[in-house]
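Here's the structure we're looking at; comments come further down.
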Amino acid sequence: MDQLLSWGRYPYNLQTPHSIYWPDDVPQALTDSGSAGQDGMLVFGCGRSYGDSCLAESNHVLVTQNMDRVLAADWETGIILAQAGLTLADVIRIALPRGWFLPVTPGTKFVTLGGAVANDVHGKNHHVMGTFCRHVSRLVMYRSDEGVVDCSPAEREELFAATVGGLGLTGVILAVELQLRRVVSSEIEQRVIRFAGLDEFFDISQKYDATHECTVAWIDCLASGKKAGRGHYIVGNHAQEGPLELAPPGGVTMPIDPPFSLVNQFSLRVFNTIYYNSQQKKEVLSRVGYDAFFYPLDRVLDWNRMYGRAGFQQYQCVVPQQDSYEVIRAVIQQISKSGTGSFLAVLKQCGKSVSPGLISFPLHGVSLALDFPQRDHVNKRLFSKLDALVHEAGGRLYPAKDAHMSAAYFKQAYPQWERVEALRDPRLMSQFWKRVSQ
Amino acid sequence: MNKTIFIVGATSGIAEAVARRYAEQGAQFFLVARNSHRLQAISADLAARGAKEVQTFVMDANNSDLIPQMVDAAWQAFGTIDVALIAHGTLPDQQRTETDIPYAIAEFRTNAESVIATLAGLAGHFESQRKGVIAVIGSVAGDRGRASNYLYGAAKAAIDTYVSGLRVRLFKSGVHVLTIKPGFVATSMTADLNLPERLTATPESVARDIDKAITKRKDVLYTPWFWIFIMLIIRWIPAAIFKRIKL
């Protein structure tokens with residue numbers, strides 16, 4: 001197997017993979033991998049974490065993609081127990097024809113169940129369904145100091161709370177029990193509303209979030225002045241009738257690593273202007289498949305490579321509700337001024353649901369995510385300005401996307417981090433955790 | 001009509017990938033393996049993926065006394081078997097086989113004798129049902145002995161020859177026999193080897209080839225396809241030269 005990188009390909013630290021096929025491979029793999037008796041291992045799923053949270057301190061990772069079996073499934077109740085390497089794409093493939101779907105899904109289906117748990121991922125329906133782990137009823141784990149252990153919200157609650165959103169540090173997740181959600185159709189009733197600026201975003205959000213399970217906004221991060229914060233608000237509900245069909249598999253790949261980033265000021269401005277204006281009507285209603293609605297980016301299987309060898313960083317923050325308007329506005333202004341940013345800038349109103357993990361990312365407020373081609377000085381300067389804004393407002397950054405946050409900011413934003421550290425498996429350590437916990 | 005698939009070595013990486021393909025078509029299974037925990041997990045997984053029914057039989061393939069019982073159980077369960085896949089095997093440590101003779105013999109038994117015994121046990125049942133496909137996983141390693149794994153290669157060559165004869169015998173009864181010769185495949189069996197990335201296939205792509213070869217009643221399948229040319233060249237190299245090449 002090839003050496004591995006995180007999704008943003010920055011920092012460029014190649015990981016040596018050790019494949020896990022069965023749960024009982026884990027103890028030995030933890031002992032054998034790397035140089036003898038080495039600590040600082042980490043589990044690696046599909047490698048969709050952007051920064052260094054999926055990189056092992058030792059640069060040796062246990063890859064779980066081949067440990068991907070459904071161990072039990074009750075199609076009456078929609079509860080499945082599956083090994084941690086099963087991807088969300090596989091869960092859909094197995095469950096959708098029987099009328100079940102993921103209760104919560106991130107913007108890619110190419111993540112493992114273990115990864116979804118370790119990052120307590122969220123999606124377009126956060127304001128209704130909360131985070132992924134609110135629907136996880138049990139975990140089976142292996143800890144180097146205890147062997148195989150079970151935990152749930154009722155049993156070993158502290159270990160459960162430290163593990164969900166715990167960035168894979170509290171043990172190797174072997175199996176996940178998940179409550180699926182019923183769907184009648186594989187289609188989504190989608191509504192796309194064009195908005196001219198941030199004020200309108202907040203108005204629309206107030207109006208539509210109550211009636212739509214899924215909501216998200218794309219914004220033009222380069223627009224400034226009056227147009228600042230313009231974009232498309234995309235909302236949807238699972239259709240109440242219609243076919244129950246799997247989307248055809250497949251997708252295109254990047255044929256080569258471009259020598260430089262294809263995302264630059266010029267291409268970005270052209271794309272954003274065309275995309276914003278691609279919808280001339282104020283509102284467009286349509287019916288789309290789940291793949292097009294939830295996973296538009298999955299169509300280019302390795303789109304991360306379009307940023308070239310240098311890679312990219314994603315900046316994702318969430319700002320508490322009360323000051324969200326001012327802070328998000330200030331953040332967008334800074335980004336627009338810097339002239340950098342990405343095709344995909346995503347704004348999302350997160351709901352009041354309390355996340356089950358000690359260091360889960362989402363909180364009640366507004367989340368903003370954008371990709372930045374990796375340019376050391378530009379990013380450093382911009383990020384430090386954004387960090388200050390977010391931090392002052394009591395907001396925080398998403399560890400799954402991060403490659404830069406300071407230890408001081410992390411500790412303040414995630415005050416429960418020490419409870420996770422207390423339960424960290426002594427053999428596991430990520431580069432992210434090393435950076436922010438010391 | 002749902003197909004009935006019989007697999008010996010059901011926990012092997014290639015067998016599992018093949019089984020998943022059939023499960024999605026609603027097949028029913030009779031699975032044989034020695035590790036009951038793994039067999040249990042695979043059977044639950046196949047059921048979730050669409051298998052109509054999964055029955056299991058725990059045995060070590062080296063225990064040839066159990067073969068008649070296993071074969072009877074399979075036919076008793078389903079009446080007919082459409083496809084039998086013989087997939088069990090190990091990858092011996094060649095260096096150890098050169099000094100540890102009991103080990104070498106045990107490995108040869110697992111990879112050759114137990115396969116032959118299983119096939120012998122199956123052949124009669126297939127002959128009398130007068131239809132179906134027996135697919136046997138051999139290896140490109142059986143095409144010519146190489147210094148790096150000639151014990152394994154010798155076992156696979158034995159299977160190759162046996163299966164070739166069995167194919168002729170069963171042809172008269174309308175039973176088809178397929179020899180599968182995979183090249184490098186990324187499975188748990190090869191996890192410790194440093195396989196060349198570009199030549200290494202996934203079990204899923206190998207399973208796709210096997211599925212197709214079974215449908216098309218192919219006699220010998222090299223998978224991925226390019227191995228047929230690699231092995232053609234390797235077989236043609238005169239021994240005087242071959243013994244000087246490190247392969």
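Here is how the numbers come out for the structure above:
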| read-out | value |
| --- | --- |
| Sole residue being within 30 Å of A:Leu397 (Cβ to Cβ) and either free of Cβ contacts under 8 Å to residues at least 40 places away in the same chain or within 14 Å of chain B (Cβ to nearest Cβ) (or both), chosen from A:Ile92, A:Ile79 | A:Ile92 |
| In region B:158-185, residue surrounded by the fewest Cβ atoms within 10 Å (Cβ to Cβ) [restricted to those that are free of Cβ contacts under 8 Å to residues at least 40 places away in the same chain and touching a Ser or Thr at 6+ places or on another chain (Cβ under 8 Å)] | B:Ser164 |
| Residues located in region A:285-310, provided they are buried (at least 23 other Cβ atoms within 10 Å of the Cβ) and modelled with pLDDT of 90 or more | A:Tyr290, A:Phe294 |
| Any hit, region A:393-400, residues being among the small types (Gly, Ala, Ser), touching a residue at least 60 places away in the same chain (Cβ under 8 Å) and touching a Gly at 6+ places or on another chain (Cβ under 6 Å) | no |
| Which numbered condition B:Leu195 fails, given (1) within 12 Å of another protein chain (Cβ to nearest Cβ); (2) in contact (Cβ under 8 Å) with a residue 24 or more places away in the chain | (2) |
| Exclusive hit being aliphatic (A, V, I, L, M), in contact (Cβ under 8 Å) with a residue 40 or more places away in the chain and within 14 Å of chain B (Cβ to nearest Cβ), set A:Leu4, A:Leu30, A:Leu55, A:Leu102 | A:Leu4 |
| Members of region A:163-184 found to be surrounded by fewer than 23 Cβ atoms within 10 Å (Cβ to Cβ) and assigned to a strand (DSSP E or B), listed by number | A:Glu177, A:Gln179, A:Arg181, A:Arg182 |
| A:Leu113, sole failed condition from (1) more than 14 Å from chain B (Cβ to nearest Cβ); (2) within 17 Å of the chain's Cα centre (by Cα); (3) under 30 Å from A:Ala239 (Cα atoms) | (1) |
| Selected residue (criterion: nearest to A:Val136 (Cα to Cα)) from residues of region A:61-79 that are of a type in the set (Val, Ile, Thr) and surrounded by fewer than 24 Cβ atoms within 10 Å (Cβ to Cβ) | A:Ile79 |
| Entirely in region B:132-247, the helices (runs of 4 or more DSSP H) that have 2 or more residues that are of a type outside the set (S, T, N, Q), more than 18 Å from B:Val115 (Cβ to Cβ) and under 15 Å from the mean Cα position of the chain (by Cα) | B:203-215 |
| Hits in region A:16-27 (condition: within 13 Å of chain B (Cβ to nearest Cβ), surrounded by fewer than 17 Cβ atoms within 10 Å (Cβ to Cβ) and in contact (Cβ under 8 Å) with a residue 12 or more places away in the chain) | A:Thr16 |
| Single condition B:Arg217 does not satisfy, out of (1) within 14 Å of another protein chain (Cβ to nearest Cβ); (2) of a type in the set (Lys, Arg); (3) surrounded by fewer than 12 Cβ atoms within 10 Å (Cβ to Cβ) | (1) |
| Members of region A:290-305 that are closer than 15 Å to A:Lys124 by Cβ and not hydrophobic (A, V, I, L, M, F, W, C) | A:Tyr290, A:Asp291, A:Tyr295, A:Pro296, A:Asp298 |
| Check on A:Tyr275, closer than 23 Å to A:Phe202 by Cα, surrounded by fewer than 16 Cβ atoms within 10 Å (Cβ to Cβ) and of a type in the set (Ser, Thr, Tyr) | yes |
| Subset tally (residues that are surrounded by fewer than 19 Cβ atoms within 10 Å (Cβ to Cβ), touching a Leu at 6+ places or on another chain (Cβ under 8 Å) and not aliphatic (A, V, I, L, M)) for region A:1-15 | 4 |
| Hits in region A:294-330 - residues which are in a helix (DSSP H, G or I), hydrophobic (A, V, I, L, M, F, W, C) and under 16 Å from the mean Cα position of the chain (by Cα) | A:Phe294, A:Leu297, A:Trp303 |
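Residue by residue, here is whether (1) part of a loop (DSSP other than H, G, I, E, B); (2) surrounded by fewer than 20 Cβ atoms within 10 Å (Cβ to Cβ); (3) not assigned by TED's automatic domain parsing to the domain that holds A:His135 holds:
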site	(1), (2), (3)
A:Lys348	no, no, yes
A:Lys352	yes, yes, yes
A:Asp371	no, no, yes
A:Lys385	no, yes, yes
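Residue-wise test of (1) small (Gly, Ala, Ser); (2) within 27 Å of A:Ala223 (Cα to Cα); (3) touching a His at 6+ places or on another chain (Cβ under 8 Å).
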| position | (1), (2), (3) |
| --- | --- |
| A:Tyr325 | no, yes, no |
| A:Leu344 | no, yes, no |
| A:Lys352 | no, no, yes |
| A:Ser384 | yes, yes, no |
| A:Trp417 | no, no, no |
| A:Gln431 | no, no, no |
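One line per residue, one yes/no per condition, for (1) touching a residue at least 12 places away in the same chain (Cβ under 8 Å); (2) buried (at least 19 other Cβ atoms within 10 Å of the Cβ); (3) of a type in the set (D, E, K, R):
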{"position": "A:Ala196", "(1), (2), (3)": "yes, no, no"}
{"position": "A:Asp203", "(1), (2), (3)": "no, no, yes"}
{"position": "A:Tyr208", "(1), (2), (3)": "yes, no, no"}
{"position": "A:Thr215", "(1), (2), (3)": "yes, yes, no"}
{"position": "A:Asp220", "(1), (2), (3)": "yes, yes, yes"}
{"position": "A:Ala223", "(1), (2), (3)": "yes, yes, no"}
{"position": "A:Ala228", "(1), (2), (3)": "yes, yes, no"}
{"position": "A:Gly236", "(1), (2), (3)": "yes, yes, no"}
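The values are calculated or read from the model by the stated rules, or taken from the named source; none is laboratory data. Source: prediction; values computed, not measured. Quick reminder, even Gly has a Cβ in these numbers, built from the backbone with ideal geometry, and neighbours come from all protein chains shown.
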